[in-house]
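Working notes for the structure below.
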Amino acid sequence: MGEKTICAISTPLGNSAISIIRMSGKDSLKIAEKYFSSKSLNYKKIEERKMYLGAFKAEGISEKCLFVYFRAPYSYTGEDVVEFQIHGGEYLAKKILEILAKNCSLALPGEFTKRAFFNGKISLDEAEGVIDIINAETQAELSSAYNLSSGKFNREISAFQKSLTEVLAKIEVALDYPEHDEELITTKEAQKVLLEIGDKLEQIIENSSSGQKLKSGVNIAICGSPNVGKSSLLNALLGRERAIVSSVAGTTRDTISETIVHNGIKFNLTDTAGIRSEGDEIEKIGIERAKKEIENSDLTLFVVDLTRETTEEEKALLKELDKEKTIVVLNKKDLAAERKLSGYTCVSISAKREENISNLLNLIYEKTIANKIDLSKIVLTNMRHITILKEAKKLVDKTLQTLDSMSLDVVAFEIKRVWNELGKITGETETEEIIDEIFSKFCLGK
Ligand SMILES: Nc1nc2c(ncn2[C@@H]2O[C@H](COP(=O)(O)OP(=O)(O)OP(=O)(O)O)[C@@H](O)[C@H]2O)c(=O)[nH]1
Ligand SMILES: [Mg+2]
């Protein structure tokens with residue numbers, strides 16, 4: 001890794017204020033010297049991490065730009081890195097890249113970060129945090145990305161590995177000097193460490209069980225009988241007239257989905273066709289879709305109309321819903337007295353007048369996020385991490401169950417397996433295919 005020098009445009013193509021082109025590898029500076037000069041720059045005495053204002057000259061290009069040099073290993077990749085900050089023109093950026101590429105290779109997607117990983121600058125989970133930062137669309141996603149990229153999660157995993165290594169060292173000693181007492185004490189110690197790690201793994205897994213929702217968004221189905229104000233509610237939550245609203249029962253036929261962000265969390269809202277036993281063929285298809293939507297949702301907003309009694313059909317529908325995953329929204333409170341449905345989380349609103357919508361939003365947040373995820377602790381959003389932790393937990397539990405009947409060398413073997421499983425997170429023991437796959441998802445120039 002890192003034997004050849006690479007170059008890439010690190011900013012998006014198109015017209016912008018500036019573009020950044022960077023090179024990494026041992027020839028970076030030598031190549032830069034061919035094209036970039038500045039009155040204040042003597043390449044023999046170049047200062048690292050200092051911006052030089054000068055000109056990039058070659059093939060009809062005379063680009064006034066900024067230039068900076070990072071000496072290995074004190075760079076993003078751990079190699080010699082140079083960067084040019086040029087005017088943000090697509091033709092210009094491509095032209096300069098083309099000139100540089102005559103002296104080195106074009107970087108593959110994620111190759112800079114991959115080199116950082118192989119040069120020991122960052123661990124695999126930290127690199128995954130970098131891609132998460134780039135892709136984050138909400139505050140919650142960004143926070144969880146920072147937990148990875150800053151090494152917070154990594155430190156936790158490394159601490160588990162360190163405890164396991166210490167136990168392994170003690171087992172080694174006990175095996176070398178086999179006195180019965182030593183063996184017993186060591187087994188007890190292994191048990192203590194495994195119990196502790198098992199507990200902590202359990203906590204992270206538990207807190208991450210809804211973690212993927214931070215990325216994909218929480219799915220919310222708006223459903224109920226026709227004409228109760230489902231589409232009006234969607235519009236009120238969105239703050240714009242998205243769905244058609246009318247006094248005709250059966251207005252909405254197909255499902256309509258839109259996303260909002262509340263408290264830094266994405267909520268995917270789906271308005272559905274009113275559920276009733278009658279209706280034409282199209283409406284029936286819509287009702288089937290509505291039912292599917294409820295099944296796939298994390299939360300259902302069951303809308304009822306305060307101006308009339310709850311019908312038998314509505315009661316039957318409500319019975320089928322999971323109470324923990326349902327909020328009964330009593331709509332049209334501007335026209336009728338408020339009431340409640342016992343046993344359900346209820347909120348009265350007026351969708352038309354946009355009254356009490358913020359209360360409803362807070363209830364939604366409480367039921368789906370606040371009561372499920374502790375955002376101040378580590379929340380994993382990456383399936384790879386969650387799967388590995390679950391596997392590690394399984395190994396820990398299995399070892400604990402049979403610890404008493406195991407000889408010390410078998411205990412050592414099992415502890416090593418746990419260590420190796422955790423090493424997949426940091427990349428120490430992950431397969432090359434998976435590492436390649438992770439970096440291939442990065443953008444060009446990162
Ligand atoms: N006064 C009052 N009228 C409302 C309120 N919410 C909805 N409406 C009216 O109720 C009627 C039905 O509203 P929609 O939002 O289309 O109801 P829906 O549940 O989507 O109906 P379908 O798509 O037919 O199932 C419209 O005339 C709305 O203006 C409300 O809070 N107060
Ligand atoms: Mg509707």
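The numbers here are math on the coordinates, done by the rules we state, and not lab data. The model shown is predicted, which means the values in this text are computed figures rather than measured ones. Please note: Cβ atoms are built from the backbone with ideal geometry, for glycine as well, and neighbour counts cover all protein chains shown.
Quick look at the numbers
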read-out	value
Integer Hz, Karplus 6.51/-1.76/1.60 couplings in order for the range 251-264, x for Gly and Pro	5, 7, 9, 9, 7, 10, 10, 9, 10, 10, 10, 9, 6, x
Pairwise FRET efficiency - LEU13 versus ASN362, Cβ, R0 = 35 Å, nearest 0.05	0.25
Label-point separation in nm, LYS39 to GLU90, each point 7 Å along Cα→Cβ	3.6
Residue order, fewest to most beta carbons within 10 Å, for TYR69, TYR91	TYR91, TYR69
Least to most buried among LEU380, LEU361 (fewest other Cβ within 10 Å first)	LEU361, LEU380
DSSP bridge orientation in the chain - percent antiparallel, rounded to nearest 5	60
Cα Rg, Dmax (largest Cα-Cα span) when computed across the chain, Å	29.6, 86
Estimated FRET transfer efficiency (LEU238, GLU189; beta-carbon r; R0 41 Å; 0.05)	0.10
Stokes-Einstein D in µm²/s, Kirkwood radius over Cα pairs - the range 298-446 at 10 °C with 1.306 mPa s viscosity	78
Percentage relative contact order, the chain, counting C-alpha pairs under 8 Å, at least six apart	17
The chain: calculated mean residue ellipticity at 222 nm from DSSP helix runs of at least 4, using -39500 (n - 2.57)	-14500 deg cm²/dmol
Positive-end extreme of charge dipole, the chain - chosen from GLN401, MET23, ALA190 (charges on Cβ)	MET23
Cα centroid separation, the range 165-242 to the range 360-390 (Å)	9
For the chain, built as a Gaussian network whose Cα springs stay under 10 Å, the top-fluctuating residue of VAL410, VAL228, VAL329	VAL410
Cα-Cα P(r), the range 152-284, percent of pairs per 5 Å interval	2, 9, 13, 11, 8, 7, 6, 6, 5, 6, 6, 6, 5, 4, 3, 2, 1, 0
Reachable lysines from LYS170, criterion Cα separation under 17 angstrom, eight or more residues apart if same chain	LYS162, LYS188, LYS192, LYS416
Residue-wise HN-Hα coupling along the range 427-432, computed from phi with Karplus coefficients 6.51, -1.76, 1.60 (Hz; x: Gly, Pro)	x, 4, 10, 7, 6, 4
Those residues of the range 284-307 whose amide nitrogen sits under 20 Å from the label point placed on ASP322, 7 Å along Cα→Cβ	289-303
Estimated FRET transfer efficiency (LYS394, ILE134; beta-carbon r; R0 25 Å; 0.05)	0.15
Amide H contacts of LYS446 (H built 1.01 Å from N, under 5 Å, at least 5 apart or other chain)	GLY110, GLU111, PHE112
Spacing of the two label points (7 Å from each Cα toward its C-beta) at ILE282 and THR429, in nm	5.9
Paramagnetic reach from SER143 in the range 328-369 [backbone N under 17 Å; point 7 Å along Cα→Cβ]	362-369
Per-residue ³J(HN,Hα) for the range 148-156, Karplus 6.51 cos²θ - 1.76 cosθ + 1.60, θ = phi - 60°, Hz, x for Gly and Pro	7, 5, 7, x, 4, 5, 4, 5, 4
For VAL303, distant residues with modelled amide H under 5 Å away	CYS223, GLY224, VAL329
Net length gained if the chain between ASN371 and GLU98 were fully extended (0.36 nm per residue, minus Cα distance)	92.9 nm
Cα gyration tensor shape of the range 6-123, rounded if a/c is under 1.5, else prolate or oblate by comparing a/b with b/c	oblate
Pairwise label distance in nanometres, ASN263 with GLU309, each label 7 Å out on the Cα-Cβ vector	3.7
Label zone at LYS292 (point 7 Å along Cα-to-Cβ), backbone N below 19 Å, the range 212-228	219-224
